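Asker: Structure provided below as structure tokens; questions to follow.
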Amino acid sequence: MKTVEIKTLLRRIPKVDQILLRPAVSEWVARTGRDFVVTEIRKLLDEIRVAIQSDPSLADEITKPERVETILSEKLEKRLFSGLREVLNATGVILHTNLGRAPLSAPARKSLDTVSVQYANLEYDIAEGNRSHRDKLIQPLLRETLGCEAAAVVNNNAAAVFLILNTLAYGKEVIVSRGELVEIGGSFRVSEIMSRSGAILREVGTTNKTRLSDYENAITSETALLMKVHPSNFTIRGFTEKPGLNELVELSRRSGIPLVEDIGSGCLVDLRPYGIPDEPKVQESLEAGVDLVSFSGDKLLGGPQAGIIAGVEKLVAPIRKNPFMRTYRVDKLVYGALQATLDSYRFGRAETEIPVLRMITMPLEEITRRARNFARRLRAALPENVRVRLLDGSSVVGGGACPECFIPTKLIALESDRVRPAVMESRLRAGKPAVIIRVEADCALIDLRTIFPAQESILFESLHKALSHED
């Protein structure tokens with residue numbers, strides 16, 4: 001096509017001022033500001049020019065003002081909703097790592113609202129009127145809740161383990177059972193964290209069997225720590241052996257070498273009545289005589305992302321003074337949410353206030369009642385081609401915790417001859433808010449265990465919108 005003809009086609013492209021008058025674009029201007037929208041319009045018009053020069057046959061379609069309005073709205077929608085936003089977790093995975101792990105309790109959220117919009121005494125001693133240290137804020141509460149002499153808070157458990165090793169075992173050996181050299185999420189391995197910390201790994205035993213004598217025989221003048229790692233994301237069954245915690249504590253006392261335990265999940269309550277038998281309680285390890293423990297704040301503890309180090313003062317004190325401590329420290333938001341979470345334990349309200357514990361301990365009768373009521377509403381509202389059934393199933397703890405524990409639940413199964421489960425899943429995921437479900441055995445599955453009761457109406461509207469039209 002001749003250059004003159006291309007120029008004629010390009011003149012059909014609407015002007016910026018014309019597009020700004022379109023109804024949907026006017027709404028975007030009100031929401032985001034004129035300058036932001038004008039910038040996006042100019043980018044889009046440049047793209048349209050390039051497209052016409054490459055394929056003039058597109059001009060009739062892509063220069064229509066209503067078409068430009070639609071494309072612009074889609075681009076703005078994608079830009080503004082591509083970051084962090086609300087998600088409804090209907091998978092039944094309680095500590096869903098991809099969805100932010102533990103949802104916060106109402107008291108923790110209230111604390112965030114308070115400290116995020118106000119000044120706070122993060123490093124200020126109100127009683128003395130002097131500068132203070134942020135660690136002092138949480139010390140009394142951690143000591144009371146965990147029964148320890150001292151504690152420190154960092155940004156995650158991997159950082160906690162790193163600081164312990166870097167502070168107490170730099171250039172020295174740390175004895176660990178080969179069967180406990182775990183890999184946590186994101187391909188982070190205990191052995192690699194140890195190497196980066198400057199500590200020297202001394203493996204003992206085999207994958208399935210490690211005896212107390214293996215630890216004893218490995219101790220030398222270069223040994224700085226004995227380390228126990230809770231393998232929270234896998235299990236080894238069958239022909240196995242490992243020393244009990246009390247045996248390791250006794251060896252630690254006899255040898256004068258501190259015992260450190262990476263507990264990982266941070267469980268503070270007994271979950272055995274709910275079918276979770278193998279999660280060690282932090283308090284029990286400290287009571288047994290473990291010198292230092294570390295664990296996550298956003299797993300079974302049910303709080304914000306954090307790593308907590310707790311134990312004897314003579315070991316925690318040098319960790320606080322480690323220059324790396326500043327690189328891993330947390331801000332006032334984490335302290336506020338963690339304080340409120342720990343208060344729930346201190347006041348005996350954890351199982352009613354902390355969402356993770358409520359979800360784990362929710363009786364099958366309750367989840368069944370909720371599922372039946374919800375399914376009844378769906379059947380009345382959805383087209384006849386969508387079948388709604390109730391199935392027996394399992395929820396899981398997730399988050400690298402309790403790998404073989406399955407909590408009985410009642411699933412809502414959605415089937416249609418015209419809308420495939422993958423299409424249902426895609427539509428729900430694309431909604432606002434996004435709804436994340438399971439797809440198994442050619443069924444779309446909803447588990448209300450991980451849906452807050454207050455979210456059920458939002459979930460209902462999302463399902464109705466996604467399933468009331470056909471492909």
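Asker: Kindly list, by first and then second residue, each pair from a residue in region 93-115 that is at positive phi to a residue that is assigned to a loop (DSSP other than H, G, I, E, B), limited to pairs with Cβ atoms under 8 Å and residues at least 6 apart or on different chains.
Answerer: As it stands, the answer is Gly100/Asp298; Arg101/Asp298; Arg101/Lys299; Arg101/Gln305; Arg101/Gly399, since those pairs meet every condition given.
Asker: Tell me yes or no: at least one residue of region 121-128 is in the same structural domain as Leu338 (by TED's automatic domain parsing) and touching a helix residue (DSSP H, G or I) at 6+ places or on another chain (Cβ under 7 Å).
Answerer: Scanning region 121-128, I find at least one residue that is in the same structural domain as Leu338 (by TED's automatic domain parsing) and touching a helix residue (DSSP H, G or I) at 6+ places or on another chain (Cβ under 7 Å), so the answer is yes.
Asker: May I pose another question? Val176: outside any loop (DSSP other than H, G, I, E, B), free of Cβ contacts under 8 Å to residues at least 60 places away in the same chain and touching a helix residue (DSSP H, G or I) at 6+ places or on another chain (Cβ under 8 Å), yes or no?
Answerer: yes
Asker: Can you tell me which of Val334, Val293, Val312 is within 25 Å of the chain's Cα centre (by Cα) and either closer than 30 Å to Glu250 by Cβ or of a type in the set (S, T, N, Q) (or both)?
Answerer: Val293
Asker: Where in region 272-334 are there helices (runs of 4 or more DSSP H), lying wholly inside it, with at least 3 residues that are more than 23 Å from Thr97 (Cβ to Cβ) and among the aliphatic types (A, V, I, L, M)?
Answerer: So the answer is 313-321.
Asker: Moving on to the next point. Look through region 95-112, keep the residues that are among the hydrophobic types (A, V, I, L, M, F, W, C) and over 10 Å from the mean Cα position of the chain (by Cα), and return whichever of them is surrounded by the fewest Cβ atoms within 10 Å (Cβ to Cβ).
Answerer: In this case the residue turns out to be Ala106.
Asker: Being closer than 18 Å to Ala350 by Cα and out of contact with any Leu (no Cβ under 7 Å at 6 or more places or on another chain) is the filter; apply it to region 296-307 and report the residue that is surrounded by the most Cβ atoms within 10 Å (Cβ to Cβ).
Answerer: Ranking the qualifying residues of region 296-307, first place goes to Leu300.
Asker: Among the residues of region 330-376, write down those that are crowded, with 16+ Cβ neighbours inside 10 Å and among the basic types (Lys, Arg).
Answerer: The answer is Lys332, Arg358, Arg370.
Asker: Of the residues Val397, Val419, which is in a strand (DSSP E or B) and buried (at least 19 other Cβ atoms within 10 Å of the Cβ)?
Answerer: Val397
Asker: Being at pLDDT 90 or above and closer than 19 Å to Gly100 by Cβ narrows it down to one of Val435, Val439, Val388, Val397, so name that one.
Answerer: The conditions single out Val435.
Asker: Considering only helices (runs of 4 or more DSSP H) fully contained in region 1-82, which possess at least 1 residues that are of a type in the set (Lys, Arg), under 23 Å from Lys432 (Cα atoms) and under 43 Å from the mean Cα position of the chain (by Cα)?
Answerer: Ranges flagged: 23-32, 65-80.
Asker: I'd like to check something: does region 235-245 contain any residue that is within 19 Å of the chain's Cα centre (by Cα) and outside any loop (DSSP other than H, G, I, E, B)?
Answerer: Looking through region 235-245, none of the residues is within 19 Å of the chain's Cα centre (by Cα) and outside any loop (DSSP other than H, G, I, E, B).
Asker: Also, quick follow-up: Restricting attention to region 366-381, does a residue exist that is under 24 Å from Leu414 (Cα atoms) and polar (S, T, N, Q)?
Answerer: Within region 366-381 (the criterion being under 24 Å from Leu414 (Cα atoms) and polar (S, T, N, Q)), the answer is yes, since at least one residue qualifies.
Asker: Need pairs with beta-carbon distance below 6 Å; first residue β-branched (Val, Ile, Thr) and within region 339-360, second part of a helix (DSSP H, G or I) and crowded, with 19+ Cβ neighbours inside 10 Å; sequence gap 6+ or separate chains.
Answerer: From residues that are β-branched (Val, Ile, Thr), the pairs are Thr341/Ala108; Ile354/Ser344.
Asker: Take Leu88 and tell me if it is farther than 29 Å from Glu351 by Cα and outside any loop (DSSP other than H, G, I, E, B).
Answerer: When the stated conditions are applied, Leu88 does not pass them.
Asker: Using the structure shown, decide if Leu88 is surrounded by 21 or more Cβ atoms within 10 Å (Cβ to Cβ) and within 30 Å of Thr210 (Cβ to Cβ).
Answerer: In short, no.
Asker: Also: Based on this model, can you work out whether Leu292 counts as surrounded by 24 or more Cβ atoms within 10 Å (Cβ to Cβ) and touching a residue at least 24 places away in the same chain (Cβ under 8 Å)?
Answerer: So Leu292 passes the test.
Asker: Right, here's the next one. Mind counting the residues in region 339-372 that are aromatic (Phe, Trp, Tyr) and either under 23 Å from the mean Cα position of the chain (by Cα) or assigned to a helix (DSSP H, G or I) (or both)?
Answerer: Of the residues in that region, 1 qualify.
Asker: Within the set of pairs 6 or more residues apart or between chains, which connect a residue that is touching a residue at least 60 places away in the same chain (Cβ under 8 Å) inside region 255-275 to a residue that is in a loop (DSSP other than H, G, I, E, B) and among the polar types (S, T, N, Q) with Cβ atoms less than 6 Å apart?
Answerer: Close Cβ pairs (under 6 Å, with a partner that is in a loop (DSSP other than H, G, I, E, B) and among the polar types (S, T, N, Q)) amount to Gly264/Ser232; Ser265/Ser232.
The values are calculated or read from the model by the stated rules, or taken from the named source; none is laboratory data. No experiment lies behind these values; they were computed from the predicted model shown. Because the Cβ atoms are built from the backbone with ideal geometry, glycine has one as well, and the counts that use them run over all protein chains shown.
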